[in-house]
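What follows is a short report on a single structure.
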Amino acid sequence: MTRVARRTALAAFVLALTVSLAAQKGMSVSEKDSSVYAPLAKAPAKATARRNPLESDPDAVAAGANLFAQHCAECHGEMAQGGRKGPSLLADPVRQASPGAIFWILTNGVVRRGMPVWSKLPEPQRWQLVAYIKSLSPRSGPASKPQK
Amino acid sequence: MAQESPYIVTYDHYLEEPGSLELEYFSTFGAPRAGNDFHAFWTEFEYGATASWTTEIYIDGQTTFNDSTLFTGFRWENRFRLLQQEHFVNPVLYIEYEQISGADKILKEVEGHDVEADYATPNALARQEHNHEIETKLLLSKAFQGWNIAENTLAAKNLTGGNPWEFGYALGASRPLALKASAHRCTFCRENFIAGVEMYGGLGDRHSFGLHDTSHYLAPVVAWNLPSDWTLRLSPGFGLNNNSHGFLLRWGVSREFSGFGAAFGSMIGRFFGGRKP
């Protein structure tokens, strides 16, 4: 029992790790794949209508830039241009989305597509991230660069 | 990427980010009323396989003062997020296989009729007991106005011999010291500190469910999430009845490595003949 159980557990772990690593390797998000932005349209009307309570906070964009560098840049790219796992946040669907819709995506994630829920960040920090994302412009880049 | 909860025993519903590897080291120092003091320690390798599945390997050991130092076994833990979106309460299914000896003292969970007297057995004797255990938990957790509230229900069965299912619980509440992030990157900002409290204990087994002959603990917890992806945790735990250790001092350090999965997966792909992306 001991040896069999140990070998079975080890084999199962190696198999699970291999499958998940293969899945990681296969992840790539093309900006041309517009379906990656479809979840934005699924935000409920009540959530979409929410305004950013920090939109007049002069520090919100700078704080959001630092949060973005810590939590989001790994997948979405340092300049939010898109990466292996996350789509560009400079694209029209994101720029046209309401702050409430972006907040809703941050809160709920898009788990099926690999984006985790970010409700572990307190609500004000999620709104700071929204302020930063809404400040992004494809020509000039972010309004506030994260500090290194 | 570090924004880790301060809990040592309780789990919230947040999983490791996909492709991220977190290395963690934890220590528990215990001073039983009867028997020698001990220092138990474990190393965790926690990997975010997908956004709804985190898998983790533990390697356990302990030093009992005036006795010996032992490797006490390993655990393989998996957590599965059950719902795609955030809800009023968020459930996560936890399944773990453990192969540990009777000398294991990390107290990662308290279950069944675990009591302080179990820890007085000399290592040479305790290590002869081999346990193969399946442990399941239902993790319920909620984010509410900056607070995290978590409740875990545990059911475990030792596959060795005819042991009954044993039960336990863990409760936790925590909150960052500040909810807004600073405009400047900083190490000592209040938002980097998360404080809370957790309570955990056994609930007997299938034949004698309840609180009699069980041990329970109350433990303040604090985590310091550094901008460099390191997290430090500290938790003094206090036994709540005569079956519990009087005092447990726990601390841990962890470091998150993001992008591990993609880099390692790419390396494996090239090893098997794929082209460098």
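B:ILE106 fulfils the conditions (1) among the aliphatic types (A, V, I, L, M); (2) without any contact (Cβ under 8 Å) to a residue 60 or more places away in the chain; (3) out of contact with any helix residue (DSSP H, G or I) (no Cβ under 6 Å at 6 or more places or on another chain) except for a single criterion, (2).
Exactly one residue among A:SER88, A:SER119, A:SER98 is surrounded by 19 or more Cβ atoms within 10 Å (Cβ to Cβ) and more than 14 Å from chain B (Cβ to nearest Cβ), and that residue is A:SER88.
Taken as a whole, segment B:246-258 holds at least one residue that is away from chain A (no Cβ under 14 Å), modelled with pLDDT of 65 or more and assigned to a loop (DSSP other than H, G, I, E, B).
Going by what's in this entry, would B:VAL253 be described as surrounded by fewer than 17 Cβ atoms within 10 Å (Cβ to Cβ), among the aliphatic types (A, V, I, L, M) and under 22 Å from B:LEU177 (Cα atoms)? Judged against the criteria, B:VAL253 is a match. Count of segment B:148-181 residues, restricted to those that are modelled with pLDDT of 95 or more and within 9 Å of chain A (Cβ to nearest Cβ), is 7. Scoring A:PRO44 on the criteria (1) modelled with pLDDT of 80 or more; (2) within 11 Å of chain B (Cβ to nearest Cβ); (3) in contact with a Ser or Thr (Cβ under 9 Å, 6 or more places away or on another chain) leaves a single failure, condition (3).
Among strands (runs of 3 or more DSSP E) entirely within segment B:1-67, having at least 1 residues that are crowded, with 24+ Cβ neighbours inside 10 Å, free of Cβ contacts under 8 Å to residues at least 60 places away in the same chain and away from every other protein chain (no Cβ under 14 Å) singles out B:53-64.
Evaluating A:GLY82 against the criteria (1) within 12 Å of another protein chain (Cβ to nearest Cβ); (2) on the phi > 0 side of the Ramachandran plot; (3) surrounded by fewer than 21 Cβ atoms within 10 Å (Cβ to Cβ) leaves one unmet condition, (1). For segment B:143-157, give me each residue that is touching a residue at least 12 places away in the same chain (Cβ under 8 Å) and not acidic (Asp, Glu). Scanning segment B:143-157 gives B:ALA143, B:GLY146, B:TRP147, B:ASN148, B:ILE149, B:ALA150, B:ASN152, B:THR153, B:LEU154, B:ALA155, B:ALA156, B:LYS157.
Okay, residues lined up against (1) among the polar types (S, T, N, Q); (2) part of a strand (DSSP E or B); (3) loosely packed, with under 15 Cβ neighbours inside 10 Å:
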{"residue": "B:ALA124", "(1), (2), (3)": "no, no, yes"}
{"residue": "B:GLN128", "(1), (2), (3)": "yes, no, yes"}
{"residue": "B:LYS137", "(1), (2), (3)": "no, yes, no"}
{"residue": "B:SER141", "(1), (2), (3)": "yes, yes, no"}
{"residue": "B:ILE149", "(1), (2), (3)": "no, yes, no"}
{"residue": "B:ASN152", "(1), (2), (3)": "yes, yes, no"}
{"residue": "B:ALA156", "(1), (2), (3)": "no, yes, no"}
{"residue": "B:GLY161", "(1), (2), (3)": "no, no, yes"}
{"residue": "B:PHE167", "(1), (2), (3)": "no, yes, no"}
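Set side by side, the residues B:PHE193, B:PHE209, B:PHE188 differ, and just one is surrounded by fewer than 18 Cβ atoms within 10 Å (Cβ to Cβ), within 13 Å of chain A (Cβ to nearest Cβ) and of a type in the set (Phe, Trp, Tyr), which is B:PHE193.
Is segment A:65-76 home to any residue that is charged (D, E, K, R), crowded, with 18+ Cβ neighbours inside 10 Å, within 11 Å of another protein chain (Cβ to nearest Cβ) and under 26 Å from B:TYR47 (Cα atoms)? Within segment A:65-76 (the criterion being charged (D, E, K, R), crowded, with 18+ Cβ neighbours inside 10 Å, within 11 Å of another protein chain (Cβ to nearest Cβ) and under 26 Å from B:TYR47 (Cα atoms)), the answer is yes, since at least one residue qualifies.
Scanning segment B:190-210 for residues that are over 30 Å from A:GLN70 (Cα atoms) and assigned to a strand (DSSP E or B) yields B:MET199, B:TYR200, B:GLY201, B:GLY202, B:LEU203, B:GLY204, B:ASP205, B:PHE209.
Among (1) touching a Phe, Trp or Tyr at 6+ places or on another chain (Cβ under 8 Å); (2) at pLDDT 80 or above, there is one condition A:ALA49 misses while meeting the rest; what is its number? Against the list (1) touching a Phe, Trp or Tyr at 6+ places or on another chain (Cβ under 8 Å); (2) at pLDDT 80 or above, A:ALA49 comes up short only on (1). Which one of these does B:PHE71 not meet: (1) modelled with pLDDT under 95; (2) within 15 Å of B:ALA126 (Cα to Cα)? Condition not satisfied by B:PHE71: (1). Apart from one condition, B:ALA103 fits all of (1) among the hydrophobic types (A, V, I, L, M, F, W, C); (2) outside any loop (DSSP other than H, G, I, E, B); (3) buried (at least 22 other Cβ atoms within 10 Å of the Cβ); the exception is (2). Among residues that are of a type in the set (A, V, I, L, M, F, W, C) and either closer than 20 Å to B:VAL89 by Cα or within 14 Å of chain A (Cβ to nearest Cβ) (or both), B:ALA120 is not included.
Of everything listed in (1) assigned to a loop (DSSP other than H, G, I, E, B); (2) modelled with pLDDT under 65; (3) within 11 Å of chain B (Cβ to nearest Cβ), the single unmet condition for A:GLU31 is (3). The condition of being assigned to a strand (DSSP E or B) and either free of Cβ contacts under 8 Å to residues at least 12 places away in the same chain or among the polar types (S, T, N, Q) (or both) holds for only one of B:THR214, B:THR187, B:THR231, that being B:THR231.
When segment B:107-122 is examined, which residues are found to be among the β-branched types (Val, Ile, Thr) and surrounded by 21 or more Cβ atoms within 10 Å (Cβ to Cβ)?
Step one: of segment B:107-122, the residues among the β-branched types (Val, Ile, Thr) are B:110, B:115, B:121.
If the condition is that a residue be among the β-branched types (Val, Ile, Thr) and surrounded by 21 or more Cβ atoms within 10 Å (Cβ to Cβ), then B:VAL110 is the only one that fits.
The values are calculated or read from the model by the stated rules, or taken from the named source; none is laboratory data. Predicted model, so just to flag it, every value in this text is computed and none were measured. Here Cβ is always computed from backbone atoms with ideal geometry, including for glycine, and neighbour counts include all displayed protein chains.
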